[in-house]
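See below for the structure under consideration.
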Amino acid sequence: MSYLSKKYDLHCHSTASDGELSPDELMRHAAANGVQAIALTDHDVTDGLKPAALAAAELGLELISGVEISASWGKHLIHIVGLNFDIDNVALQQGLAGLREQRGVRAEKMAQRLQKKAGIENALEGAQRYSKGRILSRTHFAQFLCREGHVKSLQSAFDRYLGDGKPAYIKSEWRPLEDAVGWITGAGGVAVIAHPARYKLSATKLRALIEDFKAAGGTGIEVVSGSQNKNDSRNIAEYARRYELMASVGSDYHGPSQSWLKMEAIPPLPADCVPIWQSWGEVKAVEGMA
Ligand code: AMP
Ligand code: MN
Ligand code: MN
Ligand code: MN
């Protein structure tokens, strides 16, 4: 008899960062799509977790605390997912608050670039209309550019203006990878390299990233991700085995406008991977915390 695990989704976004569904709506969407255990992993913020916990409890959905931290590794921007940590940990929350401040500064520079290089006025105010006072992401700039008719799609906003090396791309120095991993483990959680195939690293570089990540106290890697294809999964599963990293799975769902991405269609982890949820004896309560 093969052991069938619960359906886990350990990477997704709500309106607390750049997702389209509120934490409550996201939990309902996940439950309706067969997910049984979920981590809400908003960018650099954990504000969505408490409202998500209320909804998850009603739905009988297991909620694991989560966050996706923007970190620098050399000149690369790497996303580190933190799972099953104490959400009230002071050092973690101070770290995240610093990143959100940096996002504000970066957003002002992005708006200046859009004005100077493309003649697009008032982009900061425009992006803020979509972020609604919460964290400011490039996604909100893309929504502004798209809805105001400057580009035809969110993707072309990144291709023309916001992507790495494009006119409104601001090279931002996030805190080093080691700090992000340290905040997560210091709060009793586990750190996971998010969507490793997205960084387009050479094999040598990916090995170096994994070695640095492990040395910093990192535990896992996303083997299955909505941001990676099947070949990527096979390749990353091999790295997970070779480097004894536990495997994580997540949709990276941001909302219905990603019409090609279905939470229910995310495949389970390959059988020979060690699932990251085996690292936690019990799930840390989100709603019980002050
Ligand atoms: P930020 O964290 O503010 O730098 O924004 C990064 C976010 O933008 C990612 O989490 C994605 O949600 C989104 N994103 C990045 N690249 C693209 C792309 N090429 N097309 C659409 N969305 C993207
Ligand atoms: Mn995002
Ligand atoms: Mn990411
Ligand atoms: Mn993500």
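Within the range 56-70, residues that are farther than 15 Å from residue 218 by Cα and among the β-branched types (Val, Ile, Thr) sit with their Cβ atoms under 7 Å from residues that are at pLDDT below 95 and surrounded by fewer than 20 Cβ atoms within 10 Å (Cβ to Cβ), at 6+ positions apart or across chains, in these pairs: 64/283.
Residue 107 falls short on exactly one of the conditions (1) in a helix (DSSP H, G or I); (2) open to solvent by 50 Å² or more (accessible area, probe 1.4 Å), and that condition is (2).
Out of the residues in the range 129-160 meeting the condition of being basic (Lys, Arg) and over 20 Å from the mean Cα position of the chain (by Cα), tell me which one is nearest to ligand 1 (Cβ to nearest atom).
Step one: of the range 129-160, the residues basic (Lys, Arg) are 129, 132, 134, 138, 147, 152, 160.
Next, only the ones that are over 20 Å from the mean Cα position of the chain (by Cα) stay: 129, 147, 152, 160.
Numbers: 129: 16, 147: 14, 152: 13, 160: 11 Å.
Residue satisfying both the conditions and the ranking: 160.
So for the range 52-71 (the condition being within 16 Å of ligand 1 (Cβ to nearest atom) and touching a Phe, Trp or Tyr at 6+ places or on another chain (Cβ under 6 Å)), does at least one residue qualify?
Of the residues in the range 52-71, the ones within 16 Å of ligand 1 (Cβ to nearest atom) are 66-71.
Filter once more, so that each one left must be touching a Phe, Trp or Tyr at 6+ places or on another chain (Cβ under 6 Å): 70-71.
Yes, because at least one residue in the range 52-71 is within 16 Å of ligand 1 (Cβ to nearest atom) and touching a Phe, Trp or Tyr at 6+ places or on another chain (Cβ under 6 Å).
Checking the condition part of a loop (DSSP other than H, G, I, E, B) and either touching a helix residue (DSSP H, G or I) at 6+ places or on another chain (Cβ under 9 Å) or farther than 19 Å from residue 277 by Cα (or both), which residue from 18, 24 passes?
18
Annotation: residue 54 fulfils all but one of (1) part of a helix (DSSP H, G or I); (2) buried (at least 18 other Cβ atoms within 10 Å of the Cβ); (3) more than 14 Å from ligand 4 (Cβ to nearest atom); the unmet one is (2). Checking each residue in the range 29-45 for being closer than 28 Å to residue 71 by Cα and either of a type in the set (Gly, Ala, Ser) or more than 16 Å from ligand 3 (Cβ to nearest atom) (or both) picks out 30, 37, 38, 39.
Is it true that residue 221 is within 27 Å of residue 282 (Cβ to Cβ), open to solvent by less than 30 Å² (accessible area, probe 1.4 Å) and not in a helix (DSSP H, G or I)?
On the way: within 27 Å of residue 282 (Cβ to Cβ): yes; open to solvent by less than 30 Å² (accessible area, probe 1.4 Å): yes; not in a helix (DSSP H, G or I): yes.
The answer is yes for residue 221.
With 42, 88 as the choices, which residue is in the same structural domain as residue 184 (by TED's automatic domain parsing), under 17 Å from residue 184 (Cα atoms) and in contact with a Gly (Cβ under 9 Å, 6 or more places away or on another chain)?
Of the residues listed, the single one that is in the same structural domain as residue 184 (by TED's automatic domain parsing), under 17 Å from residue 184 (Cα atoms) and in contact with a Gly (Cβ under 9 Å, 6 or more places away or on another chain) is 42.
Of the residues making up the range 251-265, just one is in contact with a strand residue (DSSP E or B) (Cβ under 8 Å, 6 or more places away or on another chain) and at pLDDT below 95, namely 261. When every residue of the range 37-51 is checked against the conditions, at least one turns out to be within 16 Å of ligand 1 (Cβ to nearest atom), closer than 20 Å to residue 284 by Cβ and among the small types (Gly, Ala, Ser). Candidates in the range 260-269 are the residues that are in a loop (DSSP other than H, G, I, E, B) and either open to solvent by less than 60 Å² (accessible area, probe 1.4 Å) or within 16 Å of ligand 2 (Cβ to nearest atom) (or both); of these, the one that is farthest from residue 152 (Cα to Cα) is 269. Taking the conditions exactly as written (without any contact (Cβ under 8 Å) to a residue 60 or more places away in the chain, under 24 Å from the mean Cα position of the chain (by Cα) and within 16 Å of ligand 2 (Cβ to nearest atom)), does residue 100 satisfy them or not? The answer is yes for residue 100.
Can you tell me which residues in the range 251-262 are of a type outside the set (S, T, N, Q) and either within 16 Å of ligand 3 (Cβ to nearest atom) or more than 18 Å from residue 22 (Cβ to Cβ) (or both)? Walk me through how you get there before you give the answer.
First, pick out the residues of the range 251-262 that are of a type outside the set (S, T, N, Q): 252-256, 260-262.
Correct list: 252, 253, 254, 255, 260, 261, 262.
The values are calculated or read from the model by the stated rules, or taken from the named source; none is laboratory data. It should be emphasised that the depicted structure is a prediction, and the values quoted were computed from it without experimental measurement. As a convention, Cβ positions derive from the backbone with ideal geometry for all residues, glycine included, and neighbour counts pool all protein chains shown. Accessible surface is based on the protein model in full, side chains and every heavy atom, while ligands, DNA and RNA are left aside. Shrake-Rupley method; radii C 1.70, N 1.55, O 1.52, S 1.80 Å.
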